[in-house]
Amino acid sequence: MTPPNPFPDHFPEILSGDLRIVEFSESHLTPRYVSWLNDPETVRFSEQRHRVHTIDSCRDYFVSQSASNNYFLAIEETSAGLGHIGNVGVTMDIHNHSADISIIIGEKQQRGRGFGLTAWNAVLNACFDQLKLRIITAGTMEPNHSMVRVFEKSGMIIEAVLSKRFLWEGSETGMVLASIHRCVFDANHSEEQNS
C-alpha cells in the first residue's frame, strides 16, 4: 500500500525581491509562454528542444503536473508589471523527502538581471523551510555555464559530471549534477545572517 503524501497539495506563494512565485495556472497558458518553449535559444540546454509545443501540449503537461505529487510554478515579475517571465519545476520524491528542481527564464530581455538566482534561492528556501525537505538535487548540461553558476551561488555542491550524457549541437556533452542538503543550506543561511 502506498503511504499518504506527507507534503501539502499546494506550494506556498513566494514573494522575493521583484518576483512573485505561484503555482502555474490556466492564466499562464498563453501564446507567449508557448513561444518560449519553441524558441531554440531559450531551450538550447533543455530536452524541450526536441519537441514542438502548442497550447494543447502545454495544457496536457500542466494537467499532468497538477495530478501528480510535483509542483509546477510560475515566476512573475511584479515591479514593472511584466507578469509571467519563467517557470520552476519541483519534482518530488515523497518517499525520500527530496526533490529535483529545474528553472527556465523564458523572457529573453529579463535574463542577466538575477531573476533566475533570486527565484532559485526562494524555491530552495521554501522547500527546506516550509516543506521540510531533506535534500534537493538539480542537473544541467555541462556547457550551460549560467545554470552551473546558479548552482554554485545558491550553495549547491557539484557532485559529479557524467560524461557524454547528451548529444548537443553535433557533439557529446556531459551532465552536471548538483545537490544541497538541508543542514548545509541552514548553515549557509546562518552565516549570512551573522555576517
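Each value in this text was obtained by applying a stated rule to the coordinates, not by laboratory testing. The model shown is predicted, which means the values in this text are computed figures rather than measured ones. In this analysis, Cβ positions are derived from the backbone assuming ideal geometry, glycine residues included, and neighbour counts consider all displayed protein chains.
What the table shows:
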quantity: Cα radius of gyration and Dmax for segment 32-106 (Å); calculated: 13.4, 41
quantity: Relative contact order %, segment 13-56, counting alpha carbon pairs below 8 Å whose residues are six or more apart; calculated: 28 percent
quantity: Aspartates and glutamates whose Cα lies under 18 Å from that of Lys132, excluding same-chain neighbours fewer than 8 positions away; calculated: Asp9, Glu13, Asp93, Asp100, Asp186
quantity: Aspartates and glutamates whose Cα lies under 20 Å from that of Lys108, excluding same-chain neighbours fewer than 8 positions away; calculated: Asp18, Asp39, Glu41, Glu47, Glu76, Glu77
quantity: Low-density loop positions, trypsin sites (Lys or Arg not before Pro), segment 97-192 - DSSP coil, at most 12 other Cβ in 10 Å; calculated: Lys132
quantity: Overall Cα dimensions of segment 38-178, principal axis frame, Å, largest first; calculated: 41, 34, 32
quantity: Neighbour-limited loop hits for GluC sites (Glu not before Pro), segment 1-107 (at most 11 other Cβ within 10 Å; DSSP other than H, G, I, E, B); calculated: Glu13, Glu41
quantity: Relative contact order (%) - segment 1-94, alpha-carbon pairs under 8 angstrom, separation at least six; calculated: 30 percent
quantity: Cβ-based exposure ranking for Leu124, Leu82, in which fewest neighbours within 10 Å come first; calculated: Leu82, Leu124
quantity: Separation of alpha-carbon centers, segment 124-157 and segment 1-39, rounded to whole Å; calculated: 17 Å
quantity: The chain: calculated mean residue ellipticity at 222 nm from DSSP helix runs of at least 4, using -39500 (n - 2.57); calculated: -8500 deg cm²/dmol
